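Just below is one structure, and these are the notes that go with it.
The values are calculated or read from the model by the stated rules, or taken from the named source; none is laboratory data. Treat the numbers as computed from the prediction; the structure is a model and nothing was measured. Here the Cβ positions follow ideal geometry from the backbone for every residue, glycine too, while neighbour counts run over all protein chains shown.
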Amino acid sequence: MRKKIVAGNWKMNMNLEEGKTLVEGVLEGLPALSENKQVVLAPPFIHLASIGEQLTGKHHIHLGAQNCSYEGSGAYTGEISASMVKSTGAEYVILGHSERREYFKEDHAMLVKKINLVLENKMQVIFCCGEPLEIRDADTQNAYVQEQISAELFHLDATQLKNVVIAYEPIWAIGTGRTASAQQAQDMHAHIRSVIAAKYGQDAANDMTILYGGSCKPSNAAELFGCPDVDGGLIGGASLKAEEFLGIVNAM
Ligand code: PEP
């Protein structure tokens, strides 16, 4: 059965104490989840080890990082490698977030290197893709997202792809309060699944977990997650308050 995930991307928010309090709140209210459902928390790098300890032994809740270096190790001051992330107990790494693409100029070549390093280190990639507003307005979003996927994922073989989760995040919906409609999300998710099917076959496409991200909140999560091709969400702002995040988890 396809895996369903609600993942919280804290971005550059929360000091350690605030983060630990948030995790306590999430753990207190976490509902019993069926076997195929997971919650992922992606705090800033510096909190990974501490928050990993809080999550030890807890079922269905996993640790993720928001990024990693495109180099494996060496003289890269300030960088954090995939193997360092792995050593904290993290199981997921978010890659290709639009904020990284835009503010830190991450391109196809860098993302291919990062994806390879995460997979080599036996973690799973949450691969973000999604179009800016001008592409949506020109109605060319399907080709735009297809290009991101083919340039950054299609070097992987079918076995490697099993460790990739795709997150469709229309940039115009991130942190803006403007959510994609359930129909817009479903249409894009079905398109992404067909792109995966054309390259890797229908079984691989059916197994692919595709998350929606962009101003997802308790009030719209149930409708979004009710779409046949939406397998959960990548949550930014609403992951910073236990009650809101749990409201979204409950919609899964
Ligand atoms: C994100 O940045 O991944 C995201 C979905 O943010 P928000 O939920 O705040 O729109």
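A compact table of results
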item	result
Residue match in region 188-211 (condition: within 16 Å of the ligand (Cβ to nearest atom) and under 29 Å from GLU18 (Cα atoms))	yes
Residue in region 161-180 that is away from the ligand (no atom under 16 Å from the Cβ) and part of a helix (DSSP H, G or I) present	yes
Where a residue in region 83-100 is more than 15 Å from GLU152 (Cα to Cα) and assigned to a helix (DSSP H, G or I) and its partner, wherever it lies, is within 16 Å of the ligand (Cβ to nearest atom) and of a type in the set (Gly, Ala, Ser), with Cβ under 7 Å and at least six apart	VAL85/ALA65
Condition met for LYS114 (basic (Lys, Arg), away from the ligand (no atom under 16 Å from the Cβ) and surrounded by fewer than 19 Cβ atoms within 10 Å (Cβ to Cβ))	no
Residue tally, condition surrounded by fewer than 16 Cβ atoms within 10 Å (Cβ to Cβ) and either at pLDDT below 95 or touching a His at 6+ places or on another chain (Cβ under 6 Å) (or both), over region 175-205	5
Index of the failed condition, PHE225 passing every other in (1) away from the ligand (no atom under 13 Å from the Cβ); (2) closer than 29 Å to LEU246 by Cα; (3) out of contact with any helix residue (DSSP H, G or I) (no Cβ under 7 Å at 6 or more places or on another chain); (4) of a type in the set (A, V, I, L, M, F, W, C)	(3)
In region 85-111, residue surrounded by the fewest Cβ atoms within 10 Å (Cβ to Cβ) [restricted to those that are touching a helix residue (DSSP H, G or I) at 6+ places or on another chain (Cβ under 8 Å) and farther than 27 Å from ILE174 by Cα]	GLY89
